[in-house]
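Worksheet: the structure to be examined is printed underneath.
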Amino acid sequence: EGFCKKLPKIELHAHLNGSIRMSTIQELWDRKADRSGDLPFLEAQKTKDFQSAFSMFSVIYQLVQGLDVIDRITREVIEDFAKENVIYVELRTTLKAYDDKTKLDYLDVVLKAMRETAALHNIEVNLLVSINRAESLENAMEAVELAVQRKDQGVVGIDLCGNPVCGKFSELRPALEKARREGFKLTLHAAEIVNYGETQEILDFSPERLGHAVFMTDDLKSQLFSKKIPVEICITSNIKSQSCDGPLGHHFGEFYRKSHPIILCTDDMGVFCTSVSQEFSIVGDTFQLGREELYDLSLSSIDCSFASEASKETFRRRMRESRTSLG
Ligand code: 5GP
């Protein structure tokens with residue numbers, strides 16, 4: 001555990017609102033005038049099926065209202081990553097409009113909080129603008145256009161997320177194609193539920209990365225392996241949303257043995273009560289990986305990031321420099 005915390009790490013799959021601190025959620029709840037009973041969130045945090053895990057986001061959205069809260073949680077989330085020696089984060093978030101504030105205002109608040117907090121904590125942070133698959137193509141197009149407007153300010157890619165039973169990749173595809181033409185890197189949530197047809201379409205689209213990739217046929221897996229598309233692996237998230245039985249049965253094992261590019265990620269630190277260090281510790285314990293192997297896993301994740309080549313070199317140097325003190 002000590003080693004996993006000290007190990008310099010990078011995080012490539014973290015949803016802003018899902019990474020909110022429990023203590024902040026509690027504080028926002030306590031401040032609410034019309035609250036009754038216990039925070040429903042605490043109950044919801046126990047292992048649930050996939051859809052009830054998802055319903056936690058609506059609880060968060062009732063409490064996280066307004067750009068002052070968005071500013072605060074962006075800063076806290078980055079601080080929390082920095083505290084456990086995460087040296088680079090790609091945060092992702094769905095742009096929202098609150099009252100008289102626009103989605104562009106939301107984006108600007110997040111970017112400013114990112115810049116300022118990163119400078120304080122010796123961590124580099126970039127942003128992926130999320131497209132929620134439940135939304136319309138028009139909304140998705142708008143998200144890409146806003147990302148374009150802030151391209152040089154830390155927006156490096158576009159994510160497709162949201163409840164996998166809602167919406168269709170094929171209908172939102174024009175927005176993702178536009179993002180690609182604009183020079184953004186793409187990471188798409190894929191195979192979180194059984195939907196082999198869509199998973200095939202996503203593989204054919206060849207995004208730069210995939211999130212999860214849980215429910216795959218042997219054929220889909222062999223296509224993934226030959227295309228070498230890196231996969232963001234979120235073990236605690238998959239277990240707590242009952243997409244897999246436990247760490248031992250998680251597809252990490254198979255992907256790792258095949259030397260497929262994988263990145264250990266938290267998904268939603270607050271909702272799933274985890275940390276990047278904990279994810280490393282889980283794979284170390286479950287799959288008997290030693291310090292060398294965990295170090296190499298962290299080092300190789302850097303290749304999968306959407307950071308600039310110069311930044312990637314900096315992260316590799318920081319990892320090499322840490323090596324002697326890690327023991
Ligand atoms: P936000 O984009 O509001 O900052 O972060 C929360 C949102 O991220 C959720 O409402 C949901 O759309 C998306 N999200 C968080 N975790 C998951 C996940 O495990 N799977 C998928 N598909 N989407 C997720």
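Bear in mind that the values in this text are calculations on the coordinates, not laboratory data. Everything quoted here is computed from the prediction, not taken from an experiment. Positions of Cβ are backbone-derived with ideal geometry, glycine not excepted, and every protein chain shown enters the neighbour counts.
Rule-of-thumb check for the stretch 132-259: C-alpha Rg over 2.2 N^0.38 Å?
For the stretch 132-259, the normalised Cα radius of gyration comes out at 1.08.
For the stretch 65-131, taking Cα atoms only, what is the radius of gyration to one decimal and the Dmax to the nearest whole Å?
In order Rg, Dmax, the Cα atoms of the stretch 65-131 give 11.7, 37 Å.
With a 10 Å Cβ neighbour count serving as the proxy for reagent exposure, in which order, fewest first, do T217, T117, T286, T266 appear?
Final ranking by Cβ density, sparse to dense: T217, T286, T117, T266.
Give me E321, E279 ranked fewest to most by other Cβ atoms within 10 Å of their Cβ, as a rough exposure proxy.
E321, E279
Using only alpha-carbon positions, what ratio does the radius of gyration of the chain give when scaled by 2.2 N^0.38 Å?
In units of the globular-protein estimate, the chain measures up at 0.94.
Let's test this: bin the Cα-Cα distances of the stretch 47-187 at 10 Å from zero up to the farthest pair and state each bin's percent.
Computed distribution, short to long bins: 11, 38, 38, 12, 0.
For each of I235, I282, count neighbouring Cβ atoms within 10 Å of the residue's Cβ, then give the residues from fewest to most.
Starting with the residue having the fewest Cβ neighbours, the order is I282, I235.
Specify whether the C-alpha gyration tensor of the stretch 262-327 places it in the rounded, prolate or oblate class, a ≥ b ≥ c being the square roots of the eigenvalues: rounded for a/c under 1.5, otherwise prolate if a/b is larger than b/c and oblate if not.
In terms of gyration-tensor shape, oblate.
Note down the relative contact order for the stretch 2-326 as a percent, whole number, built from C-alpha pairs under 8 angstrom at least six residues apart.
Dividing the mean separation by the residue count of the stretch 2-326 yields 22 percent.
Excluding residues on the same chain fewer than 8 positions from K221, give the lysines whose Cα lies under 18 Å from its Cα.
The qualifying lysines are K258.
For every helix of n ≥ 4 consecutive DSSP H residues, a contribution of -39,500 (n - 2.57) applies; sum these over the chain, divide by its total residues, and give [θ] at 222 nm rounded to the nearest 500 deg cm²/dmol.
Counting only the DSSP helices, I get -16000 deg cm²/dmol.
Once you have a ≥ b ≥ c as the square roots of the Cα gyration tensor eigenvalues for the stretch 199-327, tell me rounded if a/c is under 1.5, and otherwise prolate or oblate according to whether a/b is larger than b/c.
oblate
Do any GluC sites (Glu not before Pro) in the stretch 72-154 lie in a loop, going by DSSP, with at most 14 other beta-carbon atoms within 10 Å of their beta carbon, and if so which?
Here no GluC sites (Glu not before Pro) fit, given the DSSP loop and packing criteria.
Past the 28 Å Cα-Cα mark, which pairs from K112/K312; K9/K227; K32/K168; K32/K101?
The pairs that break the limit, which is 28 Å between Cα atoms, are K32/K168.
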